[in-house]
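Right, one structure below, let's go through it.
Values quoted throughout were computed directly from the atomic coordinates according to the rules given, and no laboratory measurement underlies them. Fair warning: this is a prediction, and the values are worked out from it, not measured in the lab. All Cβ positions, even for glycine, are placed from backbone atoms using ideal geometry, and neighbour counts span all protein chains on display.
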Amino acid sequence: MAVETSSQPKIGTGASDPSSDPRQHPLVTAIPERLLLPRPSRSYQVALGVVAVVMMLLPLVYLALIAGIAWAVQWHLLNNFDLVTATKVRGRGVMFLILVFLAPAIIGGAVVIVMLKPLLARPRRHERPRPVPPTDEPVLFASVERLCRALGSPIPHQIHFANDANASASFQSLGDLLRNRLTLVIGLPLVAGLPARNLLGVLAHEFGHFNQYWAMRLGWIIHAINHWFTRVAQERDSWDEWLETSSRKTDIRLGWVLYLARGGIWLTRQILRGLRWIGVLVSRRLSRQMEYDADACEAALVGSEEFARSMEQITELAAATNLAERELNHLAREGRLVDNIPRLIVAQAKHLPDSLRAHLEKDAQMTSMSWDDTHPPNRLRIEHALSLDQPCRYAPDRPATDLFVDFDQRCQAMAREMYADNLDRPITADELVPVDRAIAELAQSAANDRSAKEYVDGAPAALNLLVLESGKVSTSKSAQELWSELQAHRRDQAHYLGPFREASQRESEFVAEWEVTELLVAAIALNQPTSAFQPASANGPIRSVDAALEHLNQVIDRRHESLVRGLPFRRAWSGRLLTALQLLETPETAALLPDTPRLRAQTQRLWPALLKLSETFSDREQIEIRITVLGYLFSRAVEQRDNPGFGEYIGKMTPMLMNTLESAWSQLSQVEYPEPLDPAPNHLAAFCLPGIRDGNNPLELVQACHLLTSTAQKVWWKSLGQAIAIAREVEQVWESSPPSASEQLPADGTGQASPPS
């Protein structure tokens, strides 16, 4: 969604209170009239100018290359025709000489055409979001205007809203650059998750890139040229396809010219890639310095310490955005469209998985970076901001949503537009599900996940599959026998916990090495670099396909051995879960637990799906590894276009992947989806994967496999969390009303006893 204004917007009155002046709103007047910012050194300004000059020289080199090739072709045609006329060759030999004479022109012409196409082709047009009058959000516009004046930055010509945790300010075109028309994009999750102080600090950072007249223009030129070189060096179209197909179909006596033309184009693109890397090399360090300068603008408004807290919040919101997108896709497949995406993202940030949170904390401590990184690591940015020792100059401590007339209504309108674009039909307000319901489910799922980890004594690796001798919930055993068996399973679980932790650590290592070795096999087979795919347990570098396959079999065998060593613990907790669900079916539990009928109905839906999902664990694991390999191959598709073995290798993998997919589909098609839906899918497989249009299309097959595995995994964890929650509830009521000592059975479950009182 866009909010469009003139380059000097006139701030209107608030929609909620026509008599108020948004410029006098407390959140607006709290912004200082002027922020004192450190001036960049003369050496920095000189470096910026030098980089910009170098970047502008690169396109001139590009144009000079085109002109040089065109001149060489013209010179050849005008001066070398005597190669044909000066010889005494007759008949077919003349035709061959003519072809030899024309070959440089054909090759050079093809190269010139390929190089001119990016100059003549217009960039793809993107539909702009529908503009909204600035009077719809007067306080926001007044805040942006005052902040820009305080920083000395141009006031945005238009503002867009987005559903991701990010913000940006940029010139959208050369015309915008010349007319000083800046576009601001505000991610609504930032509004939902940050105080007004921190949101305005983020905007100050973005405007900080533009508070110097020449710096913002030179920076735009540097970025635009880098982006353009990336496009011209990698772009492929139907003309390239025609040239490749024609060279293969044409008789080699004529086709050799087309092969040489393809070779010339390949060499030219290598030169263009070299020019691009020169641009990257000279601009990246300056780009990182520009980030530090923009951070100083943010710290000048919110203070150095608040800058550090804001960085942590934004990092969490960005991670939550990816998780929330998966949740939204899952809910949409269930026919539920959440009405407020930013608030769902904020809720997801509060329930980040422990593993992801640990990963974020690890990344937050990193200080190393690559030479081509555009941004410094967060830790270095925070240390730089703290070194400035800036105080907070923005006093209000209110949510950023107060900058909007009706933030929830704005989010709902954004949601309807997004769903309408994705589903290609209008969306009514009645079709939207209140976000509070989705947030409650999210919180319950997070609670169930924590409960499940406690259920397996903090060993979540055990939760990926069930190990059972029999999966039937119905049983003829008495409640006392089941209770005794459950206690025995708990003792076994405690006994085997230590060995399982050791085995699971080895198992995860071998799974990672399995994937790396599969990638190594593909890399060796296609003569690709293999240094990144050398297995950790190999005695030395593996350089042949046979050696890689032999090592792969060893890794799979070792992984299987680790899996077997961990089975007793998995069998113990799986048996404990099943026994608790069997205990739920007894009259004794019904007398202890008033909610038994509802829990029994829920179990009857969950358990069959859990059993089938567990049975497909091996298939889904193989699918994930194979699509990782195919993903690697697709990333190499451009540079392997001339390698016939490349397509053959993918062609061999496709049927193997399809067979595994069909095996998983067959299993999941035997059970219903574990949640009541209206309309309900035919079965669980139909929910996880509606269908494949072309199973011979590797890209479509990979997308289908990813959809099935990700959806099945989501259903597994959600259903397992609910089942374990039910089992724990059963255990708790029995522990609170245990049978007397004389009524308890021995561990082997023999004897008779009366139900607990």
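Observations, loosely collected:
- Cα gyration tensor shape for segment 582-631, rounded if a/c is under 1.5, else prolate or oblate: prolate
- Residues Ser710, Ser355, Ser283, Ser614, ranked from the fewest to the most other C-beta atoms within 10 Å, line up as Ser355, Ser710, Ser614, Ser283.
- Note on Trp266, Trp514: ascending count of other Cβ atoms within 10 Å places them as Trp266, Trp514, the fewest first.
- Kirkwood hydrodynamic radius (C-alpha pairs) into Stokes-Einstein, segment 514-587, 4 °C and 1.567 mPa s, D in µm²/s: 87
- Normalising by residue count, segment 491-623 has a Cα convex hull of 128 Å³ per residue.
- Overall form of segment 313-472 per C-alpha gyration tensor (a/c, 1.5; a/b vs b/c): oblate
- Förster radius 56 Å - calculated FRET efficiency between Leu356 and Asn643 (Cβ-Cβ, nearest 0.05): 0.90
- Linear extension gain, Asn180 paired with Asp421, 0.36 nm per residue minus alpha-carbon span: 83.6 nm
- With contacts taken as Cα pairs under 8 Å and at least 6 residues apart, segment 611-681 reaches a relative contact order of 52 percent.
- For segment 598-664, radius of gyration divided by Kirkwood radius, i.e. Rg to Rh on alpha-carbons: 1.27
- With the convex hull drawn over the C-alpha atoms of segment 625-740, the volume per residue is 142 Å³.
- Residues of segment 645-675 with amide N under 17 Å of a point placed 7 Å along Cα→Cβ from Val545: 645-657
- Efficiency of FRET between Glu441 and Leu388 - r from beta-carbon atoms, R0 60 angstrom, step 0.05: 0.90
- If you look at the Cα atoms of segment 680-741, you get an Rg and a Dmax of 19.7, 66 Å.
- Within the shell defined by Cβ-Cβ distances under 12 Å, the residues around Leu552 carry a net charge of -4, with Lys and Arg each +1 and Asp and Glu each -1.
- Stretched out straight at 0.36 nm per residue, the stretch from Asp406 to Glu33 would grow longer than its current Cα-Cα span by 131.6 nm.
- Neighbour-count ranking [beta-carbon atoms within 10 angstrom, fewest first] of Ile726, Ile221, Ile271, Ile107: Ile271, Ile221, Ile107, Ile726
- Dimensionless Rg over Rh [segment 283-390; C-alpha; Kirkwood]: 1.07
- The distance between label points at Glu312 and Arg636 comes to 4.3 nm (points 7 Å beyond Cα on the Cα→Cβ vector).
- Simple spin-label estimate for Val433 and Arg273 gives 4.6 nm between the two label positions (7 Å along the Cα-to-Cβ direction from each Cα).
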